[in-house]
Amino acid sequence: MVSADQGGGVMRADLFSDPIAGLDEALAAVDSFDQALVAGLLRPQPAQAAGLTELAHAVAGTPLAARVSEAAAKAAAGAAGEDHFVALAAARTALLGSVHDALMSRVTEATGRPRGEETVPATGGRQAANLLAAARAWLCDLARAGWQGIDHEVVSGAAQVVSAMLPDPSLRRPATLLDGFAAELAASCPGSALGRIPARRWGDLWSRGMLLTLPGAADAPAPGTATGRLLPLGVDLQEHATAAQAQVHGVFEPADGSAPGLVRATVSVPKPDTVVGAGLWQLLRPHMSLLAAVGEGRSMELADMPVTAEGDLIWSDEHARPSEPADAFTTARVALPTATDPATAPLDRHPTRIAVPVFLEGYAVRKDDETMTFTVAGHPLAVDTDRVPTAGPLTPEAVATSNACIGLLRWDAGTYRVQPLAVETTVRKKPVALHAGAWAGGTTDKVGVKAEKAATDAVAVLRERAGRLLRK
């Protein structure tokens, strides 16, 4: 919620619990197709044929109808070729795109913020067609084998293709996806021994791979430039065993006085599995000065910073300098309500990509066992405390005692959820603001200092061992 006297209005939290027409049916069609991929489409059984038919029926009346109907029939007969698999992947992607659009329309209605115009990527089709065709051939082999039928021989078919694609910058996007997908499948071989198969996730990766390997599909419009003031809202920190990523969300106010908009700036780095928690900032902060500004509570002045049509800043420290102090909660109360939400590229229209900055206050908190809920204007909104990182002072306990929250609105497990990025709460009878990214630029907090020292020691040991191996 944003106070009306500060230029905003009350968030329509009731809309988050209202059903969306057709959403369940679209997801059911996707799930049916995903189950068909589990057993593979080399010799489909009646249940798999039914799943293919349901996918075709879900896009009836659209421009895809005829091609998907033919593809479903061919696949049900075990005679699908590359073009048929591409059509099925397109239908699945279109259905999830429609779900994304319906969910985002509801978010727009609830927040009352304007949305950016939809954009269509430029298509040049300059990539090496033979490599893309080889990649699609591997993905077709996966679809025929099915997730239960994968083995190291099938999965290893991607290695040579990925190795040839990675050196080409224009192919790096699909190559990275295929490389990660193949590694995940290899770690799960043999598929016949899996007790649980992540059918939705692997279906997502398969269909995205099929479409990104079409000539021109990975092309995008040339980025524009941004000149003006960036007001950070918060940091979404994501950690993997071998990688870490920090994504700063903020409001950008153009120097020419045009309407402010929401933007993101992302930095990703590889990491050893021994560096965790607050130690991650050591790896991330040298690559983006914005993290120091976030930690210090400052805005940044941008000059000709490259930015995509989807609001992603292609960060370069050469185009930015620290500016005046800027409180994130003041930004959330004053600037966020009028900021334009960025457009979404067609192939990125997926429910899991939804991460919309919101500001909530005046809510009540209810905690039951492992779940937490904000009651906003009399309506419940689930809180995703599992996404709160350990690399900062923000904790689930602080969220439970908060009275204001900057967060990312997501959609997960069939419901809208808010991921806290910062909260206002009371500690020892004093109001304080706790941010997930408070330690991004460094900290004097005892816990943070201890974690950073441990990370420094771990990295020093790894470097010494690496140097010893190289000398040998």
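The values are calculated or read from the model by the stated rules, or taken from the named source; none is laboratory data. Since we're looking at a predicted model, the values are computed, not measured. In this analysis, Cβ positions are derived from the backbone assuming ideal geometry, glycine residues included, and neighbour counts consider all displayed protein chains.
Give the residue that is farthest from ASP24 (Cα to Cα), with candidates limited to residues of segment 49-108 that are touching a strand residue (DSSP E or B) at 6+ places or on another chain (Cβ under 8 Å) and β-branched (Val, Ile, Thr).
If we take residues in segment 49-108 being touching a strand residue (DSSP E or B) at 6+ places or on another chain (Cβ under 8 Å) and β-branched (Val, Ile, Thr), then THR108 is farthest from ASP24 (Cα to Cα).
Does VAL388 satisfy the condition of being at pLDDT 90 or above and either in contact with a Ser or Thr (Cβ under 6 Å, 6 or more places away or on another chain) or over 27 Å from LEU283 (Cα atoms) (or both)? Reasoning before the result, please.
On the way: at pLDDT 90 or above: yes; either in contact with a Ser or Thr (Cβ under 6 Å, 6 or more places away or on another chain) or over 27 Å from LEU283 (Cα atoms) (or both): no.
No: the conditions fail for VAL388.
Anything in segment 180-217 that is part of a helix (DSSP H, G or I) and in contact with a Gly (Cβ under 9 Å, 6 or more places away or on another chain)? List them, or say none. Walk me through it before giving the result.
Of all residues in segment 180-217, those part of a helix (DSSP H, G or I) come to 180-186, 191-193, 199-212.
Correct list: PHE181, ALA182, LEU185, GLY191, SER192, LEU205.
Yes or no: segment 338-352 includes at least one residue that is free of Cβ contacts under 8 Å to residues at least 60 places away in the same chain and under 16 Å from the mean Cα position of the chain (by Cα). Before you say what the answer is, go through the steps one by one.
Taking segment 338-352 first, the residues free of Cβ contacts under 8 Å to residues at least 60 places away in the same chain are 348.
Going one step further and asking which of them are under 16 Å from the mean Cα position of the chain (by Cα), we end up with 348.
There is at least one residue in segment 338-352 that is free of Cβ contacts under 8 Å to residues at least 60 places away in the same chain and under 16 Å from the mean Cα position of the chain (by Cα).
Working only within segment 295-309, note down all residues that are under 15 Å from ARG264 (Cβ atoms) and at pLDDT 95 or above.
Restricting attention to segment 295-309, the residues satisfying the condition of being under 15 Å from ARG264 (Cβ atoms) are 300, 302, 305-309.
Answer for segment 295-309, where residues must be under 15 Å from ARG264 (Cβ atoms) and at pLDDT 95 or above: MET300, LEU302, MET305, PRO306, VAL307.
Mind checking which residues of segment 38-68 are assigned to a helix (DSSP H, G or I) and either under 24 Å from the mean Cα position of the chain (by Cα) or among the hydroxyl-bearing types (Ser, Thr, Tyr) (or both)?
Initial filter on segment 38-68 (assigned to a helix (DSSP H, G or I)): 38-39, 46-58, 65-68.
Within segment 38-68, THR53 is the sole residue that qualifies.
List every residue pair whose Cβ atoms lie under 9 Å apart, where the two residues are 6 or more positions apart in sequence or sit on different chains, the first residue falls within segment 372-386 and is aromatic (Phe, Trp, Tyr), and the second residue, located anywhere, is part of a strand (DSSP E or B) and surrounded by fewer than 20 Cβ atoms within 10 Å (Cβ to Cβ).
Listed by first residue and then by second, the contacts come to PHE374/ALA364; PHE374/VAL365; PHE374/ARG366; PHE374/PRO380; PHE374/ALA382.
What's the number of the only condition in (1) closer than 17 Å to GLU452 by Cβ; (2) surrounded by 22 or more Cβ atoms within 10 Å (Cβ to Cβ) that GLU239 fails to meet?
(2)
State which residue pairs qualify: first residue outside the structural domain of GLY261 (by TED's automatic domain parsing) and inside segment 109-134, second residue at pLDDT below 60 in any location, beta carbons under 7 Å apart, and separation of 6 or more residues or different chains.
Correct list of pairs: GLY112/GLY9.
Do the conditions hold for PRO272, that is, is it outside the structural domain of LEU360 (by TED's automatic domain parsing), part of a loop (DSSP other than H, G, I, E, B) and either of a type in the set (D, E, K, R) or in contact (Cβ under 8 Å) with a residue 60 or more places away in the chain (or both)? Steps first, answer last, please.
Working: outside the structural domain of LEU360 (by TED's automatic domain parsing): no; part of a loop (DSSP other than H, G, I, E, B): yes; either of a type in the set (D, E, K, R) or in contact (Cβ under 8 Å) with a residue 60 or more places away in the chain (or both): yes.
When the stated conditions are applied, PRO272 does not pass them.
Restricting attention to segment 265-287, which residues are crowded, with 20+ Cβ neighbours inside 10 Å, touching a strand residue (DSSP E or B) at 6+ places or on another chain (Cβ under 8 Å) and either at pLDDT 95 or above or of a type in the set (D, E, K, R) (or both)?
Listed by number, the residues that qualify are ALA265, LYS271.
Just to be sure I understand the filter: pairs with C-beta atoms under 7 Å, separated by 6 or more residues or on different chains, first member in segment 169-185 and farther than 13 Å from LEU132 by Cα, second member modelled with pLDDT of 95 or more and not in a helix (DSSP H, G or I). Which pairs pass?
Once the first residue is farther than 13 Å from LEU132 by Cα and sits in segment 169-185, its partners that are modelled with pLDDT of 95 or more and not in a helix (DSSP H, G or I) give LEU185/ILE150.
Can you pull out every residue in segment 418-435 that is within 23 Å of GLN238 (Cβ to Cβ) and in contact with a helix residue (DSSP H, G or I) (Cβ under 9 Å, 6 or more places away or on another chain)? Break it down stepwise before answering.
First pass over segment 418-435, keeping only residues within 23 Å of GLN238 (Cβ to Cβ): 418-423, 433-435.
GLN419, PRO420, LEU421, ALA422, VAL423, ALA433, LEU434, HIS435, listed by residue number.
Find the residue count for segment 212-234, including only residues that are more than 21 Å from the chain's Cα centre (by Cα) and either among the small types (Gly, Ala, Ser) or more than 13 Å from LEU302 (Cα to Cα) (or both).
So the answer is 7.
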